[in-house]
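For reference, the structure discussed in these notes is given below.
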Amino acid sequence: MDTTREATNAGPRRVRRRRRNGRVARTTLLAGVFLLGGCAGDGPSALDPAGSGAARVANLWWLLFWISVAVFVEVMALLVWAMVFRRGRDTRVRHGQPLRFVAVAGAGLPLVILVAVYAAGLRDLAALGEAPGPRAPTIEVTGHKWWWEVRVPGIDGATANELHIPVGERVRVRLHTADVLHSFWVPQLMPKTDLIAGEVRETWLQAERAGRYRGQCAEYCGTQHAHMAFLVVAEPRADFEAWLARLGSTARQPETDAQRRGQQAFVQGTCAGCHAIRGTPADGRIGPDLSDVGSRWSIGAGAVPNDGGHLGGWIANPQTVKPGNNMPPQPVDAARLPDLVAYLQSLK
Ligand code: CUA
């Protein structure tokens, strides 16, 4: 009876197995494509370091990668050797037989490798934790849900989602959070540092070459965690000093009638309750300081590009652009909106 059932089921079972194998192969292929796809694009990569901090991490990553490759190749070679050359031999381990190979390759070698990798990791950890000298420039960064407030000690001004550093110099970055856990990460310059409530964390940034390096919050902090990006601009010392000077000076005055009307709408409307623009009566501290908003790379910490259309859309209803953020839809007169946009875009 059983034999008959087996005989009749053998065909369908083989088909089922073949189908299942096909599914597994397709899933594996798709997963591979997606994984590799994640590596493409122009996002910043920690394996393309532009500073000594990130270079340490990248070197450690490659060390681990090549060790893994070597172990994989060795294990595969042993597998092939066992399948091809030891096939059919009696490979039972006999009692009392010396297990030197197992002891060396299975315990000794991994121990040596793991201790060496651990030592390399400790060395890098110590190097990354070294504070920059007392004369190094300092920048204060505060994480908010979901943007970055940037200040420089001794300068009475602030900006958001962008900080500048002089090329080749170590800059101290002091990190605070206004609410929950965030993590400050510039993949091409420095590994992550968590922002912890009630604590001041410290890290440093250093870039070997001038450029714009994208940073990202690396600790899940709520619905808009992905839209908590920032930019580090590494530039010659003179440009860095010009940035410091701009940070300490008042915002540009309006030059056209539209800009003047926009400024009036800003300081008399609800905007001024949360935002500051230096040199105007607007001095709200809840949202980002907007004194240089026209020069920023994005609106909403990487949510949308900074252009007239997106800016108008953001002012009218920021909740459609970045749901959950603190800014409510604004009751702005439709006729005033273009003026407001013109004024804010002129703040460079
Ligand atoms: Cu802030 Cu994630």
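The values are calculated or read from the model by the stated rules, or taken from the named source; none is laboratory data. Quick caveat, the model's predicted, so the values are computed rather than measured. All Cβ positions, glycine included, derive from the backbone under ideal geometry; neighbour counts span all protein chains shown.
With touching a Leu at 6+ places or on another chain (Cβ under 6 Å), outside any loop (DSSP other than H, G, I, E, B) and within 14 Å of the ligand (Cβ to nearest atom) as the only criterion, which of PHE230, PHE184 stands out?
Details: PHE230 fails: touching a Leu at 6+ places or on another chain (Cβ under 6 Å).
PHE184 is the lone residue from the list that is touching a Leu at 6+ places or on another chain (Cβ under 6 Å), outside any loop (DSSP other than H, G, I, E, B) and within 14 Å of the ligand (Cβ to nearest atom).
Counting just the residues of segment 113-150 that are loosely packed, with under 11 Cβ neighbours inside 10 Å and in a helix (DSSP H, G or I), which one comes out farthest from the ligand (Cβ to nearest atom)?
So the first thing to find is which residues in segment 113-150 are loosely packed, with under 11 Cβ neighbours inside 10 Å, and the list is 115, 118-119, 122, 126, 129-130, 133-135.
Within this subset, residues satisfying the condition of being in a helix (DSSP H, G or I) are 115, 118-119, 122, 126, 129.
Numbers: VAL115: 35, TYR118: 30, ALA119: 32, LEU122: 28, ALA126: 27, GLY129: 23 Å.
Out of the qualifying residues, it is VAL115.
The residues of segment 190-213 that are buried (at least 17 other Cβ atoms within 10 Å of the Cβ), more than 11 Å from the chain's Cα centre (by Cα) and more than 14 Å from the ligand (Cβ to nearest atom), listed by number, are THR203, TRP204, LEU205, GLN206, ALA207.
Looking at PRO236, PRO153 in this structure, which one is in contact with a strand residue (DSSP E or B) (Cβ under 9 Å, 6 or more places away or on another chain) and within 27 Å of ARG56 (Cβ to Cβ)? Talk me through it step by step, then tell me what you get.
On the way: PRO153 fails: within 27 Å of ARG56 (Cβ to Cβ).
Just a single option satisfies the conditions, and that option is PRO236.
Being farther than 22 Å from PRO288 by Cβ and in a helix (DSSP H, G or I) is the filter; apply it to segment 240-274 and report the residue that is farthest from the chain's Cα centre (by Cα). Steps first, answer last, please.
If we filter segment 240-274 for residues that are farther than 22 Å from PRO288 by Cβ, which is where we start, we get 241, 255-258, 260-261.
Next cut, in a helix (DSSP H, G or I) only: 241, 257-258, 260-261.
Details: GLU241: 26, ASP257: 41, ALA258: 38, ARG260: 38, ARG261: 39 Å.
Per the criteria, the residue is ASP257.
Among the conditions (1) within 20 Å of VAL152 (Cβ to Cβ); (2) touching a strand residue (DSSP E or B) at 6+ places or on another chain (Cβ under 7 Å), the only one that THR250 does not satisfy is (2). Using the structure shown, decide if TYR220 is without any contact (Cβ under 8 Å) to a residue 12 or more places away in the chain and either under 11 Å from the mean Cα position of the chain (by Cα) or in a loop (DSSP other than H, G, I, E, B) (or both). So TYR220 fits the description; yes. Filtered by the rule that a residue be within 22 Å of the chain's Cα centre (by Cα) and without any contact (Cβ under 8 Å) to a residue 12 or more places away in the chain, segment 132-152 gives no residues.
Filtering GLY269, GLY262, GLY222 for residues that are surrounded by fewer than 20 Cβ atoms within 10 Å (Cβ to Cβ), more than 16 Å from the ligand (Cβ to nearest atom) and either under 22 Å from PRO338 (Cβ atoms) or not acidic (Asp, Glu) (or both) leaves a single hit, GLY269. Scanning segment 166-179 turns up at least one residue that is within 15 Å of the ligand (Cβ to nearest atom) and either in a loop (DSSP other than H, G, I, E, B) or touching a Pro at 6+ places or on another chain (Cβ under 8 Å) (or both).
There is at least one residue in segment 267-276 that is in contact with a strand residue (DSSP E or B) (Cβ under 6 Å, 6 or more places away or on another chain) and either closer than 20 Å to TRP146 by Cα or modelled with pLDDT of 95 or more (or both).
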